[in-house]
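Worksheet: the structure to be examined is printed underneath.
The values are calculated or read from the model by the stated rules, or taken from the named source; none is laboratory data. All of these numbers come straight from a predicted model, not from anything done at the bench. All Cβ positions, even for glycine, are placed from backbone atoms using ideal geometry, and neighbour counts span all protein chains on display. SASA here: full protein model, heavy atoms, side chains in, ligands and nucleic acids out. Shrake-Rupley method; radii C 1.70, N 1.55, O 1.52, S 1.80 Å.
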Amino acid sequence: MMPTNSTAAATVSYLKFLGKNREDALRLEELGKVEEEWDGTLLATGSYDGQARIWNKDGDLKSTLNKHKGPVFSLKWNKKGDYLLSGSVDKTAIVWDVKTGELKQQFEFHRAPTLDVDWRNNDSFATCSTDNMIYVCSIGENRPIKSFSGHQAQGFHSCRVIVIHSLGFTGEVNAIKWDPAGTLLASCSDDCTAKVWSMEQDICVHDLRGHEKEIYTIKWSPTGPGSTNPNQKAILASASFDSTIKLWDVELGSLLCSLNGHRDPVYAVAFSPDGEYLASGSLDRCVNIWSVKEGKIVKTYTGNGGVFEVCWNREGDKIAACFANNVVCVLDVRM
């Protein structure tokens with residue numbers, strides 16, 4: 001992997017994951033991804049075999065969670081790290097007790113595959129689906145405590161086409177993310193829009209339009225209310241199949257800038273812990289690092305396959321990138 005636009009050489013580490021099936025897709029979440037509760041002693045993986053697994057830091061299997069009846073597309077730890085939340089093609093979301101490895105509660109509200117899940121706090125969370133619905137759920141409740149609808153069904157074009165399209169579903173809300181304060185929920189869809197929702201109203205607070213193709217993922221900056229940088233403006237990043245990333249002023253609901261540098265669909269974005277930089281990954285095999293303030297690329301790393309996930313470490317000096325050729329690279333990106 002070669003770095004460009006850089007005045008110093010980069011250190012790159014490679015981790016190769018070999019599964020029983022090369023087609024297996026894994027979603028990885030480190031325990032305590034939220035900084036206040038960072039631990040890093042456990043890792044959870046979700047697979048196309050319908051199972052979620054919890055591993056210790058030595059790579060030993062701790063628990064196998066096997067109540068889903070279809071591929072697991074999303075996994076999230078709550079802030080305390082005592083519950084793991086999973087979403088599956090079987091249309092359900094499950095909260096797991098990490099200590100016992102047992103099912104805590106299964107939520108069966110969607111009429112189609114559950115694509116993403118995200119904790120609001122330690123006991124409540126949101127789910128989204130190809131049925132175009134978003135539900136806010138709480139442990140112990142048998143019905144959603146809030147429902148959001150507004151995204152429009154579209155033709156299906158994302159990387160999950162083999163599983164989802166074969167089941168007859170043609171529209172989807174691809175991703176959901178709570179802001180650092182847990183008061184606003186952002187969503188993105190194949191309808192080319194991102195939306196911001198509030199628990200205080202039924203219609204969206206902002207309808208963010210500007211992308212020309214499907215939006216695959218969104219990320220909040222670690223700035224604004226509830227964050228470690230509360231005095232800075234809250235920003236939402238959206239990554240699209242139109243090869244661009246857009247940065248939005250959440251307070252005003254307006255476009256700050258469009259980041260144009262990738263040549264193919266963008267599948268992953270992540271802000272640095274201080275909010276000054278944004279990492280992005282694309283099918284063009286590049287990981288770009290952008291200055292949020294200037295809207296320009298400051299470093300580029302080119303690998304040997306499309307990039308499907310990027311993640312900063314707590315210190316903000318390394319990025320993990322997941323490539324289509326079954327390689328995970330850890331990049332030293334000290335500026």
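Listed by position, the strands (runs of 3 or more DSSP E) enclosed by the stretch 24-71 that each have at least 2 residues that are at pLDDT 50 or above and over 14 Å from Asp82 (Cβ atoms) are 42-46, 52-56, 61-65. Restricting attention to the stretch 254-273, the residues that are under 24 Å from Pro225 (Cβ atoms) and either modelled with pLDDT under 95 or open to solvent by less than 40 Å² (accessible area, probe 1.4 Å) (or both) total 6.
Among the residues making up the stretch 191-208, those that are under 18 Å from Phe125 (Cα atoms) and in a strand (DSSP E or B) are Lys195, Val196, Trp197, Ser198. Would you check which residues across the stretch 281-306 are of a type in the set (A, V, I, L, M) and not in a loop (DSSP other than H, G, I, E, B) and list them? Scanning the stretch 281-306 gives Val287, Ile289, Ile297, Val298. Filtering the stretch 189-231 to residues that are touching a strand residue (DSSP E or B) at 6+ places or on another chain (Cβ under 9 Å), open to solvent by 10 Å² or more (accessible area, probe 1.4 Å) and hydroxyl-bearing (Ser, Thr, Tyr) leaves Ser198, Tyr216, Thr217, Ser227.
Put simply, of Asp123, Asp97, Asp131, Asp116 the only residue that is of a type in the set (D, E, K, R), more than 13 Å from Ile176 (Cβ to Cβ), at pLDDT 95 or above and open to solvent by less than 60 Å² (accessible area, probe 1.4 Å) is Asp97. Taken residue by residue, the stretch 67-89 has at least one member that is open to solvent by 60 Å² or more (accessible area, probe 1.4 Å), among the basic types (Lys, Arg) and farther than 23 Å from Trp312 by Cβ.
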